[in-house]
Every structure is written in structure tokens, then in C-alpha cells.
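Heads up: the structure comes next, in C-alpha cells.
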Amino acid sequence: MNPTEREELLNLFKDLRVADVRDGMDWNMLHFQGSMSPDIRPIWRTRAVGIARTARYLPYNQPIPKLSPQEYTEWVGWYYNHVCTYPWVEAIQPGDFIVIDQSNSNVGLCGSNNTLECLRRGARGLVSNGGVRDTDELILQKIPFWSRFCSQSMVQGRLQFDAQDIPVEVGGVTVYPGDVVVADGDGVVVVPRALAREVARYAHQEMSSDKASRRKMYEALGLPLDDSVL
């Protein structure tokens, strides 16, 4: 995707809620596509919009050697460098939304450190069908992360890197690199790149109608107007 198209899509969706995008999908007869399962939840209440960059991890399929703690320390270093690698981090472009298929494993593939690196490189958010760890720090650091589990364990002996920039399945949705990902407290919805402009068009229509209706309610109740109705 060229930079102009990326910027156009990010701008089209930047103000839309997940509910608005869900409506826009329905208006394009995509009623049963795009919405990740409800167990994919935000670590904290936030929202993010980005362009899908994908990665896939599989369960580790080799025996774990019996090691002393010192030997295990060395093995962990080897594991991160050769088995459970993170090549997609170096590929991040500003505006990316990282979508990780980690085989639904309750494992902390991401945590307080590497998610900061993702944000430093320009990621807008991350979503995984597995686990994430260090969640107290993620909340403190305001990392926009949606996941199936809050996990305790590290990856060694549990996950191995498989591929990146390929179609992946997360939360019941097939996500292709370049799709638009919108996430907030209602969960995550994925918009196919080819239909993104039409989905955004009707999502904005529904959002504008909702704002106008709720603004009247605010005024009738004497509530101060906020950004959600302006």
C-alpha cells in the first residue's frame, strides 16, 4: 500500500467508533464478517485505528531440555534469537495495527517492553488471540492492546515464530495485511481494504445521525456538550 492510500484510510476511520464501523459493514451486506469474538478485549478502555500488519506463531514442537538454571538462562537467549523471534517489529510502519495469531495460546508473547518498542516504531495498536503479560505496566504505559488472555508465562518452550505479512485468523476473523482495524471498548472490527471507503461512508452516516440525536437529548437534559455529540 502506498503512503497516500494509507493516510487516506487512516483519516477516513480515525474518528469512528467500533459500533459505527459495524454499522458501515452491515450497510454493505457484511453482517457476519469483520467483528472479532467478544473474548478479544482491551487491557484498558481506549481506542485505536490502524492498518493491519500480521504475524503468526505456532506452539513449540520440540522437547524442552533438562537444564540447570544457568544453562536455562543461556537457552532462553538462544530461544529468543532462533525460535521465538519478532521480525515483524522491525517492519512496523507508522499507522500499523499489529494483528497476531498466536494459536490461541495463553502465553505472554508481548509485554511491557516490546510493546513500547512497537509504539516507538509507529504502531497504533495490537491485538492477539492469545495472551499478553505485564498488564499492570501496559495500563500504566497506556499501551493499546486487545487480547484473549492476561498471561503470566514467557514464550520459551511454548511458542515459535512461523510467518509474517500473511492472512491470519484472530477472533474468528481472517485478517489480511492492509485491512483496516478499528478497536475500542466494544472490541475489534476489521474492514477489508477493498471495501474500506464504502464502509467508512456509511459508518460516518450513522455516526452523524447518532450524534445529532444524542445532542438533542443532552440539551433536553441540560448536560454539557462533549466531543461525542459535537
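The values are calculated or read from the model by the stated rules, or taken from the named source; none is laboratory data. Remember, predicted model here, so these are calculated numbers, not experimental data. Glycine also receives a Cβ, built like all others from the backbone with ideal geometry; neighbour counts cover every protein chain displayed. These area figures cover heavy atoms from the full protein model, side chains too; ligands, DNA and RNA do not enter into them. Shrake-Rupley method; radii C 1.70, N 1.55, O 1.52, S 1.80 Å.
Couple of notes before you dig in:
- Residues in segment 128-150 that are open to solvent by 10 Å² or more (accessible area, probe 1.4 Å) and among the polar types (S, T, N, Q): THR135, GLN141.
- Qualifying residue in segment 191-207 (condition: more than 30 Å from ASP101 (Cα to Cα) and open to solvent by 70 Å² or more (accessible area, probe 1.4 Å)): yes
- Within segment 104-113, considering residues that are open to solvent by 40 Å² or more (accessible area, probe 1.4 Å) and touching a residue at least 40 places away in the same chain (Cβ under 8 Å), the one nearest to GLN141 (Cα to Cα): ASN106
- Single residue of segment 63-99 satisfying the filter (assigned to a helix (DSSP H, G or I) and either at pLDDT below 95 or among the aromatic types (Phe, Trp, Tyr) (or both)) that is most open to solvent (accessible area, probe 1.4 Å): TRP78
- Some residue of segment 67-78 being over 30 Å from THR4 (Cβ atoms), among the aromatic types (Phe, Trp, Tyr) and without any contact (Cβ under 8 Å) to a residue 40 or more places away in the chain: yes
- Selected residue (only one of MET29, MET36 is without any contact (Cβ under 8 Å) to a residue 12 or more places away in the chain, farther than 15 Å from ARG193 by Cα and open to solvent by 10 Å² or more (accessible area, probe 1.4 Å)): MET29
- One residue stands out among those in segment 47-62 that are open to solvent by less than 30 Å² (accessible area, probe 1.4 Å) and not β-branched (Val, Ile, Thr): the one that is nearest to ILE100 (Cα to Cα), which is ALA55.
- Residue within segment 161-176 that is farther than 30 Å from ILE64 by Cα, over 15 Å from the mean Cα position of the chain (by Cα) and either touching a residue at least 40 places away in the same chain (Cβ under 8 Å) or open to solvent by 70 Å² or more (accessible area, probe 1.4 Å) (or both) present: no
- Among the residues of segment 5-26, those identified as closer than 17 Å to VAL188 by Cβ and buried (at least 19 other Cβ atoms within 10 Å of the Cβ) are LEU9, PHE13, LEU16, ARG17, VAL18, ASP20, VAL21, ARG22, ASP23, GLY24, MET25.
- Boolean, ARG215 is among the basic types (Lys, Arg) and within 30 Å of VAL107 (Cβ to Cβ): no
- Selection within segment 114-127: residues that are in contact with a strand residue (DSSP E or B) (Cβ under 7 Å, 6 or more places away or on another chain), without any contact (Cβ under 8 Å) to a residue 60 or more places away in the chain and not hydrophobic (A, V, I, L, M, F, W, C). The member of this set that is least open to solvent (accessible area, probe 1.4 Å) is THR115.
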